[in-house]
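Take a look at the structure below.
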Amino acid sequence: MHDLSVCQRIAVSGAKVETEKHCTVLIHYEKGVPPSSEDLSKRLESKKDSVKAEALEELVLLLINGELYPKLLMTVIRFVCTSNDHRVKKLLTIYWEIVDKVKENGDLKEEMILVCNALRNDLMHANEYICGSTLRLLCKMKYYRILEPLKEAVLRNLSHRRAVVRRNAVMCVYSIVKSFGLEVLPEAPEDIEQLLLVEGDLSTKRNAFLMLMHCDQDRAIKYVLSMQDQVSSMGDIFQLSVLELVRKVCRTSSAHKGRFLRIVFNLASSSSTAVAYECASSLVALSSSPVAIHQAASAFVTLLTEQSDNNVKLIVLDRLREVQKHHKQVMEGMVMDIFRALSCPSLDVRKKAPLRSALFRFGFYCFWFSYFTLSLSLSLFLCQSHHIVFLS
């Protein structure tokens, strides 16, 4: 009964996906008078790879722009799939992506079974770029009946010697699981976890972690907690994925919140701008502790000081204003740091300074009001000309 229910769910999800047409390629083409099927067929059957490539490219452009050549599918399978020319291989991946794969009643065309054989051969090809491009193609395939006989070859590529193949294999596995459920690849989380433990390529590692996070969150949590001391030495794209998991888990459960926040604290001083910003935002969202808020505010102020882009400054100032609304006392100690960061000519940036009310408590109303309405140089000039005396 359980197996039957699984099959029914796959059938329902598969039918839903397969009845929807996906437009993933859009290229403008001045087609003029479209060539006949016979003319294209004759060129596709040519023994010269250059002629095949030109004909296939024209066919792809015509299909993208609405022309129909259903009879040429078998011609492509018989005469083009056997070519080892790299240009032809690249064009074939686009052709398989856009060609109609089902009949009018929604059933898969019989010819697509032969396409599965060609795709399997490309997945096992000696050239890693052909393997990688084929895996990228399968990520866009939403037909389970095409993907089903290719699952074993896809999983085998998780242990390929080349990182480009492993990287795309992970995303292909994730795409299949996301589209049709974990039931179609029940062994995938364990295989991905094993890959994650030994993988040296940063992009592949990030892809594997994202797949685990969305498909088997418990395994992802277990991995992060086991590697929490090494996370700070990993690349920024992986650290951003870890922060995404931290926010996702801490919003729903407090079981590991303390250990996760320690990871965020360690990453807050990262040299990566994106990581530092996400850490500060995570600390503000997940904790009200003065220590956490101070760490977040310090990270924001550092970004404000180091970034020359005014758009970045405006975004950071918005976050500082949010912090000030709920944690004014923490912000009071950073007044001078913020003003040093605001020594720029942009009036928009200076208008967004979030600490006016905090500054009033220092008793320097006139001085700071002039700072927000005039430039810093003019404010200092006024102070010197009127001999303002600051009492201790």
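A compact table of results
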quantity	calculated
Residue list for the range 65-76, restricted to those being within 23 Å of Leu147 (Cα to Cα) and surrounded by fewer than 17 Cβ atoms within 10 Å (Cβ to Cβ)	Pro70, Met74
The lone exception for Arg161 - which of (1) free of Cβ contacts under 8 Å to residues at least 40 places away in the same chain; (2) assigned to a helix (DSSP H, G or I); (3) not polar (S, T, N, Q) it fails	(2)
Residue selected from the range 97-119 under the condition touching a Ser or Thr at 6+ places or on another chain (Cβ under 9 Å) and part of a helix (DSSP H, G or I), by the criterion surrounded by the most Cβ atoms within 10 Å (Cβ to Cβ)	Leu119
Complete set of residues in the range 120-170 that are over 23 Å from Leu202 (Cβ atoms) and among the basic types (Lys, Arg)	Arg120, Lys140, Lys142, Arg145, Lys151
Boolean, Arg145 is surrounded by fewer than 18 Cβ atoms within 10 Å (Cβ to Cβ) and part of a helix (DSSP H, G or I)	yes
Residues of the range 185-203 classified as among the aliphatic types (A, V, I, L, M) and surrounded by fewer than 20 Cβ atoms within 10 Å (Cβ to Cβ), total	3
Given (1) modelled with pLDDT of 90 or more; (2) closer than 22 Å to Leu210 by Cα; (3) in contact with a His (Cβ under 9 Å, 6 or more places away or on another chain), index of the condition Cys250 fails	(1)
The range 282-321, subset farther than 18 Å from Leu243 by Cβ and among the charged types (D, E, K, R), residue farthest from the chain's Cα centre (by Cα)	Arg321
Conditions (1) within 24 Å of Lys48 (Cβ to Cβ); (2) within 31 Å of the chain's Cα centre (by Cα): number failed by Thr75	(2)
Selection from the range 204-237 of residues that are hydroxyl-bearing (Ser, Thr, Tyr) and either closer than 20 Å to Thr252 by Cβ or touching a Phe, Trp or Tyr at 6+ places or on another chain (Cβ under 9 Å) (or both)	Tyr223
Residue within the range 105-114 that is touching a Leu at 6+ places or on another chain (Cβ under 8 Å) and of a type in the set (A, V, I, L, M, F, W, C) present	no
Top-ranked residue in the range 300-327 [being closer than 16 Å to Leu283 by Cα and charged (D, E, K, R); ranked as surrounded by the most Cβ atoms within 10 Å (Cβ to Cβ)]	Arg319
Cross-chain or 6+ apart pairs with Cβ under 7 Å, the range 321-332 first and closer than 13 Å to Ser288 by Cα, then surrounded by fewer than 15 Cβ atoms within 10 Å (Cβ to Cβ) and modelled with pLDDT of 80 or more	Val330/Pro290
Test: residue in the range 276-299 that is modelled with pLDDT of 90 or more, surrounded by fewer than 20 Cβ atoms within 10 Å (Cβ to Cβ) and within 30 Å of Arg161 (Cβ to Cβ)	no
In the range 227-266, residue surrounded by the fewest Cβ atoms within 10 Å (Cβ to Cβ) [restricted to those that are of a type in the set (A, V, I, L, M) and over 20 Å from the mean Cα position of the chain (by Cα)]	Ala255
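The values are calculated or read from the model by the stated rules, or taken from the named source; none is laboratory data. Small disclaimer: the values here were computed from a predicted structure and weren't measured. Note that we place each Cβ from the backbone using ideal geometry, even for glycine, and neighbour counts take in every protein chain shown.
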